[in-house]
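J.: This is the structure I have questions about; it appears just below.
The values are calculated or read from the model by the stated rules, or taken from the named source; none is laboratory data. Keep in mind it's a predicted model, so treat the numbers as computed, not measured. FYI the Cβ positions are ideal-geometry reconstructions off the backbone, even for glycines, and counts take in every protein chain you see.
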Amino acid sequence: MTASAPAAGGVAGSPRSVHPLLKAATPASWVAQACAESDVLLIDHANCEKKAASTALSLMFAYAEDLELTGKMSRLAREELRHYEQVTKLMKTLAVVPQRLAPGRYAERLRRLVAKSEPQREVDLMICGALIEARSCERFAALAPAVRGPIGDLFQGLHHAEARHYRVYLDLARRAAHRAGIGFHPRVEEFAALESELITSRDAVFRFHSGTP
Ligand SMILES: [Fe+2]
Ligand SMILES: [Fe+2]
């Protein structure tokens, strides 16, 4: 499936259409849990923003000779750190106490599918980035009307940024695949299928990118 492919069917109980890159919408039960556990949601969200900045920085080191990529990742890292500051500012306002949370399974399971050697590795890393950003975008859109007040307002604002970010990664993935002469769409399909499985299967640990509670 490509970014411009028609949306797949959503999950029962969810009236929203699914994001074009994703194969399944966020289950309504996850949105309900997010509303009930907004403190954990915010703490993990702050972690996700930090991790997004850190991933962008590590890609700048991994592909230092590619100035188009490093320029885009530098801008992305700065933006993700600004998001981190927005989330932690809101946590302070709402008296949410920061705590150390173990990461969920989502990113680690996606990373397991990433090839160990180049040039496939670069394509895979960019596809992973695109899917994670697309899911964040889809989750902010799902949460914004459900979580009222300042948290909903923040998510509404961040939704647009994540929509831009997934396109940055997807364009870099397409470019890397084209340059190396390797398949792009079948690999996107493979990652999107795994991503959808992680989102729709049962997950014991609630996090920003967790599966069905
Ligand atoms: Fe972000
Ligand atoms: Fe992002």
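J.: For ALA180, state whether it is modelled with pLDDT of 90 or more, more than 19 Å from ALA32 (Cβ to Cβ), away from ligand 1 (no atom under 13 Å from the Cβ) and among the small types (Gly, Ala, Ser).
T.: yes
J.: Does GLY152 fit the bill of being at pLDDT below 95 and within 16 Å of ligand 1 (Cβ to nearest atom)?
T.: no
J.: It is to be established whether one or more residues within segment 90-100 are within 15 Å of ligand 1 (Cβ to nearest atom), β-branched (Val, Ile, Thr), surrounded by fewer than 19 Cβ atoms within 10 Å (Cβ to Cβ) and over 21 Å from ALA130 (Cβ atoms).
T.: No, segment 90-100 has no match at all.
J.: Something else: Which of the residues that make up segment 162-205 are over 20 Å from LEU113 (Cα atoms) and buried (at least 18 other Cβ atoms within 10 Å of the Cβ)?
T.: Across segment 162-205, the qualifying residues are GLU162, HIS165, VAL168.
J.: Now for a different question. Pairs, please: C-beta under 8 Å, at least 6 apart or cross-chain, first residue under 16 Å from ALA46 (Cβ atoms) and in segment 71-92, second of a type in the set (Asp, Glu) and within 11 Å of ligand 2 (Cβ to nearest atom)?
T.: GLU80/GLU49; LEU81/GLU49; HIS83/GLU49; TYR84/GLU49; VAL87/GLU49
J.: Examine segment 26-40 for a residue that is assigned to a loop (DSSP other than H, G, I, E, B), within 16 Å of ARG135 (Cα to Cα) and modelled with pLDDT of 95 or more, and state whether such a residue exists.
T.: Yes, because at least one residue in segment 26-40 is assigned to a loop (DSSP other than H, G, I, E, B), within 16 Å of ARG135 (Cα to Cα) and modelled with pLDDT of 95 or more.
J.: Please go through segment 100-124 and give me each residue that is within 19 Å of the chain's Cα centre (by Cα) and over 20 Å from GLU197 (Cβ atoms), ordered by number.
T.: LEU101, ALA102, ARG121, GLU122, VAL123
J.: Only residues in segment 149-162 that are under 10 Å from LEU90 (Cβ atoms) count as the first member; pair them with residues that are of a type in the set (Ser, Thr, Tyr) and in a helix (DSSP H, G or I), Cβ under 9 angstrom, at least 6 apart or cross-chain, and list the lot.
T.: The qualifying pairs are PRO150/THR93; ILE151/SER38.
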